[in-house]
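One structure below.
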Amino acid sequence: MNVMANRKPTLAKSTSHQTLMAQYELEKELRRHKKNILPYFKKILAHGKKREIILTYNPGILLYTPQEPKNIKSSKNILIIIHELSRTGAPTVAIEAAKTLSRKGYYVTVLAMRRGPLLNDLLDYGIPVVIDRQLVIISENRTLAEDRGKHFYVDSFIISHDCTIMVTAVYRNLINRYLNDNSPIIWWIHEGKESYKIFGKTMPKEITNNIKVYTGGQYAQKQLKEHGFLYKPKILNYGVHDAFIETTDIDKPSSINFLFPASITERKGQDVLLDAIDLLPRKYHQKASFIFIGDINSDADLQGKIIKKRIIAAKNIHPNLIYKTSMSKEELFEIYKQIQVLVVPSIDDPMPVVATEAFMLKKVVLCSDSTGTSYYLKDGVNGYVFKSKNARQLCDKIKTIIDNPHLDSIGKKGREIFENNFSIETFEKHLINIIEANTK
């Protein structure tokens, strides 16, 4: 769910003579094709100032330079390629990887085909961003992408860095292009089963030694295997910064508050949760409230529109149902303080960040078995799991939770899942080991 508004970066208007000369050298090397352009890029960065630079002879490239670039003298250079810079799942974890590597002394460049609110986060952190409009062509045209006689800007960036992390299956055509190459590439795949309807036909069935595949959890790993891809992937879970603060509030709430924040679409399963709420006996409605947060992402999502109308209509039937279309991350964390249970009724959700945040905050997680989260749960011990699309079973789990006087102990055990698998320290250690094993 995109919970933050897009904010345009505040950029310097003037360009120094040194920057212009460095820009000229960079453009000259880009035109020479597949040259090491990083020294010239770093020269531009060295002059500071937060600015947008539109290349004169390479107008498909936009450079965004931070005011205080980090680690430009580092000998280890990492490129991270993501499709967009929105505050959604994969871009968020990709940018956290960029920050983690930067924090550890690596020089990091982020390459994307579209801007978004995370652009400012990266610049403020000292990480430069390149917007490459050619990536749209590469992601949509396999034949053109695999043409080794054709030069793309991204080629120069890949060969200039010691290792490249490509995030999600969006860039499967770029992976095809770099099969049997000597450029080290880490392909970090987060897709669920629905994504293979879009990307599956053009993904390579096998990969070569220069490409190492990692998945964002066991569910994403399972989907690769079930769709016939022979990658032997390893798992790289994302990391979340610990925001848990112990409180002394021991008053038992008068009702159990259930929360589900997510974009409204059929895949997320809001309709399954609504069916379960309709099935819930009246006496349980008096002991619980249900909070939906989210909106449709596209007017073209007709099923999402139907589900949204149904949520709005359900408010008139169930006074204990609350619905908000959006809120900031800060507001969401205030809501977390008021709830006891996070519900994830998705029918295809590789590793929802909201569930990981709930573990972190010692909230009880109730999710379907079609989520990556479910692989870490033992039903009734450290969370609850129900069969995907089964509203009756979800209803029964809700009743069990409302009747359970020991929810706090389940939340505490869920916290152990966070500490062992999703803490930023665990992610940092795992990511650094992977990078060190796969750099030139």
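The values are calculated or read from the model by the stated rules, or taken from the named source; none is laboratory data. These numbers come from a predicted model, not from an experiment. All Cβ positions, even for glycine, are placed from backbone atoms using ideal geometry, and neighbour counts span all protein chains on display.
Quick notes
- Boolean, Val110 is crowded, with 20+ Cβ neighbours inside 10 Å, of a type outside the set (Lys, Arg) and either touching a Gly at 6+ places or on another chain (Cβ under 6 Å) or in the same structural domain as Ala169 (by TED's automatic domain parsing) (or both): yes
Results for (1) at pLDDT below 70; (2) charged (D, E, K, R); (3) in the same structural domain as Asp349 (by TED's automatic domain parsing); (4) under 20 Å from His151 (Cβ atoms), shown as yes or no for each residue.
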residue: Asn2; (1), (2), (3), (4): yes, no, no, no
residue: Asn6; (1), (2), (3), (4): yes, no, no, no
residue: Ala12; (1), (2), (3), (4): yes, no, no, no
residue: Tyr24; (1), (2), (3), (4): no, no, no, yes
residue: Ile37; (1), (2), (3), (4): no, no, no, yes
residue: Ile44; (1), (2), (3), (4): no, no, no, no
residue: Lys49; (1), (2), (3), (4): no, yes, no, no
residue: Asn58; (1), (2), (3), (4): no, no, no, yes
residue: Ile61; (1), (2), (3), (4): no, no, no, yes
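- Residues within segment 89-107 that are outside any helix (DSSP H, G or I) and crowded, with 19+ Cβ neighbours inside 10 Å, tallied: 2
- Residue match in segment 182-204 (condition: without any contact (Cβ under 8 Å) to a residue 60 or more places away in the chain, assigned by TED's automatic domain parsing to the domain that holds Leu38, under 18 Å from Leu79 (Cβ atoms) and over 21 Å from the mean Cα position of the chain (by Cα)): yes
- Any hit, segment 330-353, residues being part of a helix (DSSP H, G or I), at pLDDT below 95, of a type in the set (Val, Ile, Thr) and in contact with a helix residue (DSSP H, G or I) (Cβ under 9 Å, 6 or more places away or on another chain): yes
- Which listed residue, of Ser74, Ser86, is touching a strand residue (DSSP E or B) at 6+ places or on another chain (Cβ under 6 Å), closer than 20 Å to Ile165 by Cα and in a loop (DSSP other than H, G, I, E, B): Ser74
- Search result, residues across segment 138-153 that are of a type outside the set (Asp, Glu), outside any loop (DSSP other than H, G, I, E, B) and without any contact (Cβ under 8 Å) to a residue 40 or more places away in the chain: Ile138, Thr143, Leu144, Ala145
- Residues being farther than 19 Å from Gln286 by Cβ and either without any contact (Cβ under 8 Å) to a residue 40 or more places away in the chain or not charged (D, E, K, R) (or both) - total across segment 313-330: 8
- Verdict on Ile432 being aliphatic (A, V, I, L, M), more than 24 Å from Gln286 (Cα to Cα) and part of a helix (DSSP H, G or I): yes
- Exclusive hit being among the hydrophobic types (A, V, I, L, M, F, W, C) and surrounded by fewer than 21 Cβ atoms within 10 Å (Cβ to Cβ), set Ile165, Ile159: Ile159
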